[in-house]
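Student: Attaching a single structure in structure tokens format; questions to follow.
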């Protein structure tokens, strides 16, 4: 029992100490740490313990979409590595740990790659609308500003946690002209902007995204006014679910763990689902993808 | 970093080729494409290379030179990318025999690769015997594919055109011409050609179709929307297919595609695979993406009293977004616009996207 508590604590500690790390990376770091400490004798035992560790992370109040996709990726990593090296469990674990570090490093490079892909799409004089706070979008904009591109950004303040204010502050610090707008002004500013750029908490199999509530509204506005809707995201956020509509999205994704016991009809959902038909392009570390290419990537991995 | 040193070493044939293209000595992109391939082939045949890396560097330097000199002819860059891919394949095949490597490494970045932590860095430095002859042979095969691509597209005509249909097309395109002719050998149908003057030469197509006994009507650009409700299918050629499935096509294509969408008429685009480029349209500001020609066709120079007060432009291209296109017909079959990304990853190596 206390192992699980330790896992959850380690996970929360990473996120508390470093604001620049995303929940998915933190989850994978936690699991690698767990793997190092673990003393299982068989793969089956390890797998069971991993499930428990993952469950304990899902109990925390951090965005569950990112945790789900990253941990599933990690389990796939364990499975594939064990297939590669099946001499003995000890040797297998050794290679898991060394490969795990490589794996983590590759994931950390992802954000830079996304920035490089999306960079050319920010041109001089353009106006960009973004929603809430996204580290990838922020980094891409910072890099574009460093390359002496002049552009302005509109940021929604994004209720209920007002994370857009934080985004605006960071953009200000980087000397990028930005305006904080109300969520309800989305339609009002849409006609002025050239494109919409948002991050994502998760990318689902259909090529749609799960992101901070309001993204769907923004995508619909953008489609109506024929503005391109770009999603910037790392590939470890690809998650194997196929939601049909908003109601179909699992409850754990929409509400934080501590609120699941309450009367959900009285609670605000934290995320919504944007269907692929509203998305122009996805910029990922695997390349610039159209929404239909996402399922291809997922199939390649989980076949 | 190598750009400066390579500039001096550009093969004289390439310089002449660029001048010829700029002076309009070649008609149509298929001619430019096959000429580019000829030049690259000659480059490989003439050069002395110790390994594949050297060969690829030379090709890339020349490809970059052509791409910079002729930014609007995307197929020129595509040829360099295809040849690079051929060198990579030949090298892989050659080194497999030497090193007895059986597994093939997929060049695409994928989640699977991140997880299995495969290092993607391949080196092309080791010596492979007969690399040059292998590459040249492979290029000759590819040349054959290029030559037959228009025929291959025309072969599919019967699947797409049915009896008594009214087909709308625009401007002059060789591939559309042979496609319609092929269909006319078996079926009876009507064609409406949008003139798209002064650059489109739709009249030329209309004459040629009428000669092969196809019922042809020619209309002006402003009649596109009016006539669309009567049309069963739109079949057009294109200059380039962008990586997202959009088109850089002759001016007025966007208007045709929009009108077709409005009337729910399917739009078929005939595009041989060499027109597929890994470039994206980065901004909707079309200046960097278009070329402008002498506007005397829009407003004649003889209307001189008004000339000083009027700005005249004659852009050549339109960008057509992918959602307006129903189907691409290439020499390998029909593809939906959302499938273009897949074709790209099959045709080119991801390291060569940026040439």
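Student: Looking only at the range B:94-109, decide whether some residue is modelled with pLDDT of 75 or more, more than 14 Å from chain A (Cβ to nearest Cβ), in a helix (DSSP H, G or I) and crowded, with 21+ Cβ neighbours inside 10 Å.
Tutor: Here is the first cut: in the range B:94-109, the ones modelled with pLDDT of 75 or more are B:94-95.
In the following step, the residues that additionally are more than 14 Å from chain A (Cβ to nearest Cβ) were identified as B:94-95.
Applying the additional criterion that residues be in a helix (DSSP H, G or I) yields B:94-95.
If we keep only those that are crowded, with 21+ Cβ neighbours inside 10 Å as well, we get none.
No, that holds for no residue.
Student: Can you tell me which residue is farthest from the other protein chains (Cβ to nearest Cβ) among those in the range A:276-288 that are touching a strand residue (DSSP E or B) at 6+ places or on another chain (Cβ under 9 Å) and surrounded by fewer than 24 Cβ atoms within 10 Å (Cβ to Cβ)?
Tutor: A:278
Student: Sticking with this one: For the range A:3-40, name all the residues that are assigned to a loop (DSSP other than H, G, I, E, B) and over 16 Å from residue A:51 (Cα atoms).
Tutor: A:18, A:19, A:20, A:21, A:22
Conditions tested, residue by residue: (1) crowded, with 21+ Cβ neighbours inside 10 Å; (2) within 21 Å of residue A:235 (Cβ to Cβ); (3) touching a strand residue (DSSP E or B) at 6+ places or on another chain (Cβ under 7 Å); (4) assigned by the TED database to the domain that holds residue A:26.
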site	(1), (2), (3), (4)
A:55	no, no, no, yes
A:61	no, no, no, yes
A:71	yes, yes, no, yes
A:74	yes, yes, no, yes
A:79	no, yes, no, yes
A:87	no, no, no, yes
A:99	no, yes, no, yes
A:104	no, yes, no, yes
A:107	yes, yes, no, yes
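Student: A follow-up question, please. State whether one or more residues within the range B:152-168 are closer than 28 Å to residue B:294 by Cα and surrounded by 14 or more Cβ atoms within 10 Å (Cβ to Cβ).
Tutor: In the first step, residues of the range B:152-168 are kept if they are closer than 28 Å to residue B:294 by Cα; the result is B:168.
Narrowing further to those that are surrounded by 14 or more Cβ atoms within 10 Å (Cβ to Cβ): B:168.
Yes: the range B:152-168 contains one or more residues that are closer than 28 Å to residue B:294 by Cα and surrounded by 14 or more Cβ atoms within 10 Å (Cβ to Cβ).
Student: Quick one: in the range A:149-206, which of the residues that are part of a loop (DSSP other than H, G, I, E, B) and without any contact (Cβ under 8 Å) to a residue 24 or more places away in the chain is surrounded by the most Cβ atoms within 10 Å (Cβ to Cβ)?
Tutor: Ranking the candidates gives A:162 first.
Student: What strands (runs of 3 or more DSSP E) lie completely within the range B:237-325 and have 3 or more residues being under 22 Å from residue B:77 (Cβ atoms)?
Tutor: B:247-250, B:317-320
Student: Filter the range A:289-303 for residues that are in contact with a strand residue (DSSP E or B) (Cβ under 9 Å, 6 or more places away or on another chain) and under 14 Å from residue A:277 (Cα atoms) and give the result.
Tutor: A:289, A:290, A:291, A:293, A:294
Student: Select, from B:264, B:283, the only residue that is out of contact with any strand residue (DSSP E or B) (no Cβ under 7 Å at 6 or more places or on another chain), surrounded by fewer than 16 Cβ atoms within 10 Å (Cβ to Cβ) and either without any contact (Cβ under 8 Å) to a residue 60 or more places away in the chain or more than 14 Å from chain A (Cβ to nearest Cβ) (or both).
Tutor: Every option except B:264 fails the conditions.
Student: Can you tell me which of (1) more than 18 Å from the chain's Cα centre (by Cα); (2) assigned to a loop (DSSP other than H, G, I, E, B) is the one residue A:223 doesn't meet?
Tutor: With respect to (1) more than 18 Å from the chain's Cα centre (by Cα); (2) assigned to a loop (DSSP other than H, G, I, E, B), residue A:223 is out only on (2).
The values are calculated or read from the model by the stated rules, or taken from the named source; none is laboratory data. Computed from a predicted structure; not experimentally measured. Please note: Cβ atoms are built from the backbone with ideal geometry, for glycine as well, and neighbour counts cover all protein chains shown.
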